[in-house]
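**Student:** Have a look at this one.
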Amino acid sequence: MKQALLLIDLQNDFCPGGSLAVPDGDKVIAVANQAMALCRREDIPVLASLDWHPSNHGSFAVNAGGRVGETGLLDGLPQVWWPVHCVQDTLGAQLHPDLDAEGILQRIYKGRQANIDSYSAFYDNGHRARTDLHDYLQSLGVHSLSIMGLATDYCVNYTVLDALSMGYAVDVIVDGCRGVDLHPGDSAEALAEMHRRGAGLITLPEFAAGF
Ligand code: VGL
Ligand code: ZN
């Protein structure tokens, strides 16, 4: 079964020093680079999603009049209010400078619509619109995905669950993920849910051993 590697939101704002820093978020960059090196050797395509918000995005606490970390409603959907992050064409939205970005075949942008968030790289949070990701994977003949990145309990989780429900075989490279953990245990629970729904939970050495 043809496979691809999908890197989720390896952007400055999710790394230490960024506006929505995930603890140890930068530690996954080396994991991504190693996974990409293996993929290059085996001619496996690498895709990367980017959170890519307009500055008036409705998930930003300042725009919603909400408090960071609290939940409200955005266009009828439950929404966590976030600090301003990953604003299009800003430094915070760029891929981490240590990431071997040349290894990325295709970038998938999400979260561009101000009135809805998009944790998943496939769909917005209301499943109202799709990104280009599924069509692109289909054009490559890919049915199996290895997924890693930031953040475990949001964009990785939603992407993995969508991929599974769309029929992809999915492995999560767990040491290539870090979570926000707004509530302690969120990331562990997200991984357990991904596993229950059919995702394999693997480490980078296990990913390497699969070649
Ligand atoms: C993410 C919160 C808000 C993520 C994106 O990449 O997990 N989390 N926007
Ligand atoms: Zn976002």
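**Student:** Residue check: is ARG128 away from ligand 2 (no atom under 12 Å from the Cβ), surrounded by fewer than 24 Cβ atoms within 10 Å (Cβ to Cβ) and assigned to a loop (DSSP other than H, G, I, E, B)?
**Tutor:** Spelling it out, ARG128 is indeed away from ligand 2 (no atom under 12 Å from the Cβ), surrounded by fewer than 24 Cβ atoms within 10 Å (Cβ to Cβ) and assigned to a loop (DSSP other than H, G, I, E, B).
**Student:** Give all pairs with beta carbons closer than 9 Å in which a residue from the stretch 61-90 that is free of Cβ contacts under 8 Å to residues at least 12 places away in the same chain meets a residue that is part of a strand (DSSP E or B) and of a type in the set (Gly, Ala, Ser); count only pairs at least 6 apart in sequence or on separate chains.
**Tutor:** Hits for this filter: GLY65/GLY72; PRO78/GLY72.
**Student:** Test of understanding: among GLY185, GLY126, which residue is under 20 Å from ALA21 (Cβ atoms), more than 15 Å from the chain's Cα centre (by Cα) and among the small types (Gly, Ala, Ser)?
**Tutor:** Details: GLY126 fails: under 20 Å from ALA21 (Cβ atoms).
Just one listed residue meets the conditions, GLY185.
**Student:** Could you check TYR119 against (1) of a type in the set (Phe, Trp, Tyr); (2) in contact with a Phe, Trp or Tyr (Cβ under 6 Å, 6 or more places away or on another chain); (3) more than 15 Å from LEU47 (Cα to Cα); (4) more than 12 Å from ligand 1 (Cβ to nearest atom) and say which number it fails?
**Tutor:** Of (1) of a type in the set (Phe, Trp, Tyr); (2) in contact with a Phe, Trp or Tyr (Cβ under 6 Å, 6 or more places away or on another chain); (3) more than 15 Å from LEU47 (Cα to Cα); (4) more than 12 Å from ligand 1 (Cβ to nearest atom), only one is false for TYR119: (4).
**Student:** Part of a helix (DSSP H, G or I), open to solvent by less than 30 Å² (accessible area, probe 1.4 Å) and away from ligand 2 (no atom under 16 Å from the Cβ) - does that describe any residue in the stretch 137-156?
**Tutor:** Yes, the stretch 137-156 contains at least one residue that is part of a helix (DSSP H, G or I), open to solvent by less than 30 Å² (accessible area, probe 1.4 Å) and away from ligand 2 (no atom under 16 Å from the Cβ).
Here's the yes/no breakdown for (1) open to solvent by less than 50 Å² (accessible area, probe 1.4 Å); (2) over 18 Å from the mean Cα position of the chain (by Cα); (3) within 13 Å of ligand 1 (Cβ to nearest atom):
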| position | (1), (2), (3) |
| --- | --- |
| TRP52 | yes, no, yes |
| SER55 | no, yes, no |
| VAL62 | no, yes, no |
| GLY66 | yes, yes, no |
| LEU74 | yes, yes, yes |
| LEU77 | yes, yes, no |
| VAL84 | no, no, yes |
| ALA93 | yes, no, yes |
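**Student:** Okay, next question. On the basis of being open to solvent by 30 Å² or more (accessible area, probe 1.4 Å), touching a Leu at 6+ places or on another chain (Cβ under 8 Å), closer than 23 Å to ASP43 by Cα and of a type outside the set (Ser, Thr, Tyr), does ALA163 make the cut? Break it down stepwise before answering.
**Tutor:** Numbers: open to solvent by 30 Å² or more (accessible area, probe 1.4 Å): no; touching a Leu at 6+ places or on another chain (Cβ under 8 Å): yes; closer than 23 Å to ASP43 by Cα: yes; of a type outside the set (Ser, Thr, Tyr): yes.
When the stated conditions are applied, ALA163 does not pass them.
**Student:** Is it the case that some residue within the stretch 81-91 is within 11 Å of ligand 2 (Cβ to nearest atom) and assigned to a strand (DSSP E or B)?
**Tutor:** Yes, the conditions are met somewhere in the stretch 81-91.
**Student:** Yes or no: the stretch 135-153 includes at least one residue that is of a type in the set (S, T, N, Q) and closer than 29 Å to GLY185 by Cβ.
**Tutor:** Here is the first cut: in the stretch 135-153, the ones of a type in the set (S, T, N, Q) are 138-139, 144, 146, 152.
Within this subset, residues satisfying the condition of being closer than 29 Å to GLY185 by Cβ are 146, 152.
Yes.
The values are calculated or read from the model by the stated rules, or taken from the named source; none is laboratory data. The structure presented is a predicted model; accordingly, all values stated were derived computationally and were not measured. Cβ: placed from backbone, ideal geometry, glycine included. Neighbour counts: every protein chain shown. Ligands, DNA and RNA are excluded from the accessible area calculation, which covers all protein heavy atoms including side chains. Shrake-Rupley method; radii C 1.70, N 1.55, O 1.52, S 1.80 Å.
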